[in-house]
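**Q** I'd like to ask you about the structure that follows.
Every number in this text was worked out from the coordinates using simple rules, so none of it is lab data. Computed from a predicted structure; not experimentally measured. Glycine also receives a Cβ, built like all others from the backbone with ideal geometry; neighbour counts cover every protein chain displayed.
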Amino acid sequence: MNIWLVMFLGGLITFGMRFSLIYLFGRFEVPETLRKALHYVPPAVLSAIIFPEMFLHDALLNLSFGNDRLLAGLVAVLVAWFSKNTLVTIVAGMLALFLLQLIR
Amino acid sequence: MSEKGNFFWAGVRAEFPLLVGVFPFGMIYGALALNAGISSLASQMMSSIVFAGSAQFITTQLVYESAPGLVIVLTIAVLNLRHMLYSASLAPYLASLSTRWKVLLSYLLTDEAYAPGIIHYEREGLQPFSHWFLLGAGFSLWSIWQVSTALGIFLGTAIPESWSLDFALPLTFIAMLIPVLKNRPAIAAALSAGVVALAAYSLPYRLGLILAALVGIAVGTFLEGRKSPRGTL
């Protein structure tokens, strides 16, 4: 699919969700189960993307110390945990990867 | 100044700290989108067509991995489901507005516009020009997002290949993930989604991502349901 079509559909869906209940006010309520489920969208989607980035190397599981991205990712997890700051986390992770690549 | 103007600028002022925080992300997005092979025009236009930070970052990542378009669209849909909650929560305050206003304010309804908007409505109650506050917050964020994207695209062309810039994306996701791990169901959702993503990685069309997300959401919802007294019928 063309990137423009992806953007157009993605934008349409995003707008649709933002507009949905403002438009349907009084005619539709979000069911309780869906309301609960929505809280788990960010942790689920984010780790579904992060895990393969960190643990897989050429589509194979790599849990060794030779996996720079895993080590740099773990540094970022620790920094994110203590700093709660997105920019600091990105900089720390990039720096860790840079240093690891430098010493090998 | 007119009363409309007063509300508009109050919205801009309330948004200001968020604008400062969002600016670097617009730049990072612009640089990464370019790095992922998206043209500068498309990278820029995504910021106004989709206008949702996390969805744009994830689209960039998936384009970089050559995921099929339909999977990207589905992922955007799942990720932006939360906007229905914002929509529901603001709906009573916007009920009397014209459809044109509802469309405009819905388009501008990001996480960062919702937060000061709902706080304003809950604190001040509904007033005749309250929607101008939401417009001020939403429009200032929109403008800053466009400018910072453009700057990121401009600077992105100057970043050398050897910097492994693509790794900044998973790092951004890590920084977004850690703060939402507030309780056991959320941690379980994250771990189960991550493990399924690894196990299902070889599925075609990157369907493993959608599957992993759905499993994670189901695990979190189930665990939360078990915890609450209503769930133990």
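**Q** With a 10 Å Cβ neighbour count serving as the proxy for reagent exposure, in which order, fewest first, do B:L94, A:L5 appear?
**A** A:L5, B:L94
**Q** Count the net charge of all other residues whose Cβ sits under 15 Å from the Cβ of B:G37, scoring Lys and Arg as +1 and Asp and Glu as -1.
**A** Here the charged neighbours net out to -3.
**Q** Further question: Expressed as a rounded percentage, what relative contact order does chain A have, with Cα pairs under 8 Å and six or more residues apart?
**A** Reported as a whole number, the value is 15 percent.
**Q** Give me B:V215, A:V6 ranked fewest to most by other Cβ atoms within 10 Å of their Cβ, as a rough exposure proxy. Don't skip to the end; give the middle numbers.
**A** On the way: B:V215 20, A:V6 25.
Fewest-to-most ranking of B:V215, A:V6: B:V215, A:V6.
**Q** With springs only between Cα atoms under 10 Å, which of B:Q44, B:Q61, B:Q127 fluctuates most in a Gaussian network model of chain B?
**A** Looking only at B:Q44, B:Q61, B:Q127, the biggest GNM fluctuation is shown by B:Q127.
**Q** Out of B:G220, B:G11, B:G26, any idea which swings most in a Gaussian network model of chain B, alpha carbons joined below 10 Å?
**A** B:G220
**Q** Please build a GNM for chain B, connecting alpha carbons under 10 Å apart, and tell me which residue among B:I38, B:I174, B:I28 fluctuates the most.
**A** Comparing B:I38, B:I174, B:I28 in the GNM, the peak value goes to B:I174.
**Q** On to the next question. Among A:S20, B:S164, rank each residue by its count of other Cβ atoms within 10 Å, from fewest to most, as a rough exposure measure.
**A** Final ranking by Cβ density, sparse to dense: B:S164, A:S20.
**Q** For the protein assembly as shown, what does -39500 (n - 2.57) per DSSP helix run (n ≥ 4), summed and divided by total residues, give at 222 nm, in deg cm²/dmol to the nearest 500? Walk me through the numbers on the way to the answer.
**A** Details: 16 runs with 255 residues, N = 337.
Using -39500 (n - 2.57) per qualifying helix, the result is -25000 deg cm²/dmol.
**Q** Give the relative contact order (percent, whole number) for the range B:1-107; include only Cα pairs under 8 Å separated by 6+ residues.
**A** Numbers: 32 pairs, mean separation 18.8, N = 107.
Relative contact order comes out at 18 percent.
**Q** Mind listing the phi-derived Karplus ³J(HN,Hα) values for the range B:170-175, rounded to whole Hz, using 6.51, -1.76 and 1.60 with θ = phi - 60°, and x for any glycine or proline?
**A** Taking θ as phi minus 60°, the curve returns x, 5, 4, 5, 4, 5 Hz for the range B:170-175.
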